[in-house]
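> If you scroll down you'll find the structure; I have some questions about it.
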Amino acid sequence: MTLGIGVVGCGAISESWFAGIARGEHIRAIACAARSMDSAHRAAATWGIDATDVATLLTRPDVDVVLILTPPASHFALAEQALRAGKHAYLEKPVTPTAEEARALIALSAATGRRVGCAPDTFLGAAHQAARAVIDVGGIGQPVGGALTLQDGGPNVWLATPEPLFAAGMGPVRDMAPYYLTHMVCLLGACRRVEATATHGPAVRTILSGPRAGVAFPVETPTSYAGTLTLASGAIVRFAFSWDEPDGRKAMEIAGTTATLSLPNPNWFGGEIVLTDKAGPEPRTIPLDGRRHGEPNHILARGDRVADYRGAGLDDMAAAILAGRPHRTDLTLAAHVLDIVEAILSSAATGRAEPVASDFTRPAPLD
């Protein structure tokens, strides 16, 4: 049995999601809607589904889950409409612009008895799952710290319309940090305290790709953040999220009392994991052992082959609904990550350490 998916939002990101729905074992695309009906009609023609408006999509009995791929400012209102229409909802990250709205959505989900899931779902990838297996059996001893590193030139390098990501309140912490933070808390547990600082890069940036290449635009947000995250376990994780360091590292490290794990870019599902034992032989690669969502299936513009299985979390939520079990991309996880994001932004702005009070349901590992 499969659940019908109605997609709201047919921009560039929707291509990966439609491909993910087509790969899914428990989901099938039914219809799509968008602010621009031209984009909806193009998507419908490509994927053999119906193009319609949002109101009609919400009334269709064959739509079980509404996948929301619109800008974040509209996420709460659209998810609320879906839940009140008796549909489940799944959202691109961030789940909502604010943690307060995320908590309101948690309450509405409970009141309506409808599920809400949220990206990112890359922690369902083979690399993360293999790393979690090592940590959970004590393969690095007691986790004591780590490092989250994003060194990048910024989305003006690859996006045709990057201006919204450089607007006030945006930047690398809202856009890319959720991948790193989601992986971290799924591996090590909840965060309790944040200390952060930030700085601004160039005040004006230039679009470097696409039909608008050469267009300059103002930058209204800090573009580099650094600091520490203190977890409930006592582990201390350093972070550096920057759009001012082209061609830098995009990786994670988890340090334990006996060994350290080096993990790949959490924006993708696969990659190499290396274990360095403090008293043992040379570093060794941890095999993925045929785990799901790890085989490279996508070639980036610069030629790198990556594992991109976006939609795995939506498929898992559909399977969970059908089986009556919890889904792994639970809204409490997304809300906790959003709390950390807001704490980083607040700490960087005020110079004070910020507490993180929320908790979340740690997702079960994949079989």
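> Report, in deg cm²/dmol and to the nearest 500, the calculated mean residue ellipticity at 222 nm for the chain, where each DSSP H run with n ≥ 4 adds -39500 (n - 2.57) and the sum is divided by the residue count.
On the way: 10 runs with 110 residues, N = 367.
One gets -9000 deg cm²/dmol as the mean residue ellipticity at 222 nm.
> While we're on this one: At a 10 Å Cβ-Cβ cut-off, how would you order Tyr90, Tyr225, fewest neighbours first?
Values: Tyr90 29, Tyr225 23.
If I rank by nearby Cβ atoms, fewest first, I get Tyr225, Tyr90.
> What is the helix-to-structure angle for 75-84, meaning the angle in degrees between its Cα long axis and the longest Cα principal axis of the chain, kept from 0 to 90 and rounded to the nearest 10?
Approximately 60 degrees, to the nearest 10.
> OK, next. Taking K and R as +1 and D and E as -1, what net charge do the other residues with C-beta under 11 Å from the C-beta of Asn265 add up to?
Details: positive: Arg249, Lys250; negative: Asp152, Glu272, Asp304.
Every neighbour counted, the sum reads -1.
> Continuing with the same structure: Quick one: the Cα spread of the chain along its three principal axes, in angstroms, biggest first?
Reported extents, whole Å, longest axis first: 61, 50, 41.
> At 10 °C and 1.306 mPa s, what whole-number value in µm²/s does Stokes-Einstein give for the translational diffusion of the stretch 214-367, with Rh from the Kirkwood sum over Cα pairs? Don't skip to the end; give the middle numbers.
Values: Rh = 18.9 Å.
Value of D from the Cα-based Kirkwood radius: 84 µm²/s.
> In percent, what relative contact order does the chain have, based on Cα pairs under 8 Å that are 6 or more apart in sequence?
On the way: 830 pairs, mean separation 69.8, N = 367.
The value is 19 percent.
> Which residues make up the longest stretch of the chain clear of GluC sites (Glu not before Pro) that lie in a DSSP loop with no more than 13 other Cβ atoms within 10 Å, not counting the sites? If you can, show how the numbers build up before the last one.
Values: sites that count: Glu25, Glu272.
Longest run free of exposed loop sites: 26-271.
> With labels modelled as points extended 7 Å from the Cα through the Cβ direction, what inter-label distance (nm, one decimal) is found for Glu80 paired with Met37?
Result for the modelled spin labels: 2.7 nm.
> May I ask for the equivalent-ellipsoid semi-axes of the stretch 107-213, computed as the square root of five times each C-alpha gyration tensor eigenvalue and listed largest first in whole Å?
On the way: eigenvalues 195, 86, 49 Å².
Output for the stretch 107-213: semi-axes of 31, 21, 16 Å.
> Sticking with this one: Say each of Asp247 and Thr56 gets a label point 7 Å from the Cα, pointing the same way as Cα to Cβ; how far apart are those two points in nm?
Taking the two extended label points, one gets 5.0 nm.
> Related question: Please rank Leu83, Leu181, fewest neighbouring Cβ atoms within 10 Å first, as an exposure proxy.
Details: Leu83 21, Leu181 26.
Ascending Cβ contact count within 10 Å gives the list Leu83, Leu181.
> Fewest Cβ neighbours within 10 Å first, please rank Leu188, Leu275, Leu314 accordingly.
Details: Leu188 22, Leu275 18, Leu314 28.
Ranked by crowding around the Cβ, least crowded first: Leu275, Leu188, Leu314.
> Here is a further query. Treating the angle as unsigned and between 0 and 90°, give the value, to the nearest 10°, between the Cα long axis of helix 14-23 and the longest Cα principal axis of the chain.
Orientation of helix 14-23: about 90 degrees from the principal axis.
> Rg (Å, one decimal) plus Dmax (Å, integer) for the alpha carbons of the stretch 3-118?
In order Rg, Dmax, the Cα atoms of the stretch 3-118 give 13.1, 38 Å.
> What Kirkwood Rh does the stretch 295-356 have if only Cα atoms enter the pairwise 1/r average? Answer in Å.
Numbers: mean 1/r = 0.0673 Å⁻¹.
In the stretch 295-356 this quantity evaluates to 14.9 Å.
> Let me ask something else. Rounded, prolate or oblate, given the Cα gyration tensor of the stretch 245-290, with a/c below 1.5 counting as rounded?
Working: a/c = 2.37, a/b = 1.44, b/c = 1.65.
It is oblate, given that a/c is not under 1.5 and a/b is not larger than b/c.
Every number here is computed from the coordinates shown, using simple stated rules; none is lab data. All values derive from a computational prediction rather than experimental measurement. Reconstructed Cβ throughout: ideal geometry from the backbone, glycine too, with neighbour counts over all protein chains shown.
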